Amino acid sequence: MQTSKRYALIKAFSIRDYVGIILTALLAAIPLFPKGKLEGYLPESAEINTDLALAYYRALLRTNPSVDIYDALVKSYIRVGRTKDAIEIVSEMERKHPNDPEILFLKYQLLKAEYFSAKDEEQKKSIKNEIEKLLSLYIKLKTDTASLEKALKEAESMNIPEIAYRTSTVLAERTGNLFWVEKAFYYSIAFKNYAMASRFADLLVEKKGKAFVKDAINLALLSGNLQKAFDYARSYYRELPPAERHSLIKRLIEVGLTTENYLSFREYMKKNFPLTPEERLYLEKEVMKRALWAKDYETLKRLILENLYLSQSLEYRNFLLELALGTGDPYFARDVAKRLYSGNN
């Protein structure tokens, strides 16, 4: 009999009563948490009952109608798919807190949820345009470092490179943090702002040295600043592994050597870089080609004679003979052939 009474009593003790007790406990816990911690924790926790969290926020708003609480309530509504309720909350916030950039960010979160739930591609495109406008306005109104970092993270997650580019450059220049500087460097290249990228490259090379010099050289070559590329290369050539040295020399020759500068370029390379025999051979072959293309036959003859025995390979000897024939002087070509092939089949 007593057991039946206890069962009836427990049954009468409704779920609402349980929620009330837990809600009371949560409200009592507020002083134990730093401001913003509890309301920030609940919408992110998978272990918290969402209905309970929503009840907690609605109760809390009666005594503390702060943006943080509204933010947590909107996140909870989004989490359970109650987008309409979230929109109503944001509208209420706009009335109470006009021109608040955090309201813009809440709107962004709503649109982001809509974007990922939308099936129609045209609808997704329209939502994406609105998202870009909101984020762009947000970073204009909210310029502190933490907010810009938050906006940049969102811009990258939503594939909005233009906003990520603008935000990264501000963060890089403001903080000097190498993480943001490097990110801004690559975004500046992507948006062809080579002057800004070059400023970031100087700092990155100064701080990271040979770990970054290859990218800095590539930028200098891409932007047509050959002198800067050579300055970087000359400073760090000896610190690079042999394979990277060879690749660097080859790249400098391919980009910097022309039919106008082949003689001065040749001297510069020989003077400023301790070229290996393989690198020297590559340089001389490319210089002789430029002399042939420039129809500077007297210079080409001199270069051929200077480099007759730079290599003993058959490929190189045939290469020199073809160049000698290209001068249009059969007697010179015959003399080169005798020197190259004398005593060989």
Those residues of the stretch 89-113 that are over 15 Å from Ala151 (Cβ atoms) and either at pLDDT 85 or above or touching an Asp or Glu at 6+ places or on another chain (Cβ under 9 Å) (or both) come to a total of 3
Ser91: passes all of (1) part of a helix (DSSP H, G or I); (2) within 28 Å of the chain's Cα centre (by Cα); (3) surrounded by fewer than 17 Cβ atoms within 10 Å (Cβ to Cβ) but (2)
Filter the stretch 121-155 for residues that are under 16 Å from Thr169 (Cβ atoms) and in contact with a Leu (Cβ under 8 Å, 6 or more places away or on another chain); the one that is surrounded by the fewest Cβ atoms within 10 Å (Cβ to Cβ) is Thr145
Only unsatisfied item for Tyr77, checking (1) closer than 30 Å to Leu171 by Cα; (2) in a helix (DSSP H, G or I); (3) modelled with pLDDT under 80, is (1)
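The rows are residues; the columns are (1) modelled with pLDDT of 95 or more; (2) more than 12 Å from the chain's Cα centre (by Cα); (3) farther than 30 Å from Asn225 by Cα.
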{"residue": "Lys125", "(1), (2), (3)": "no, yes, yes"}
{"residue": "Asn129", "(1), (2), (3)": "no, yes, yes"}
{"residue": "Ser157", "(1), (2), (3)": "no, yes, yes"}
{"residue": "Ala164", "(1), (2), (3)": "yes, no, no"}
{"residue": "Gly176", "(1), (2), (3)": "no, yes, no"}
{"residue": "Ala184", "(1), (2), (3)": "yes, no, no"}
{"residue": "Tyr187", "(1), (2), (3)": "yes, no, no"}
{"residue": "Lys192", "(1), (2), (3)": "no, yes, no"}
Note on the stretch 270-289: residues over 21 Å from Tyr316 (Cα atoms) and part of a helix (DSSP H, G or I) are Lys271, Asn272
Of Arg290, Arg302, Arg245, the only residue that is under 21 Å from Ala201 (Cβ atoms) and either in contact with a Ser or Thr (Cβ under 9 Å, 6 or more places away or on another chain) or surrounded by fewer than 16 Cβ atoms within 10 Å (Cβ to Cβ) (or both) is Arg245
Note on the stretch 162-217: residues within 20 Å of Leu135 (Cβ to Cβ) and of a type in the set (Lys, Arg) are Arg166, Arg174, Lys183
When every residue in the stretch 214-230 that is over 14 Å from Phe185 (Cβ atoms) and either surrounded by fewer than 16 Cβ atoms within 10 Å (Cβ to Cβ) or among the polar types (S, T, N, Q) (or both) is compared, the one farthest from the chain's Cα centre (by Cα) is Gln227
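The values are calculated or read from the model by the stated rules, or taken from the named source; none is laboratory data. Remember, it's a predicted structure, so these values are computed and weren't measured experimentally. Please note: Cβ atoms are built from the backbone with ideal geometry, for glycine as well, and neighbour counts cover all protein chains shown.
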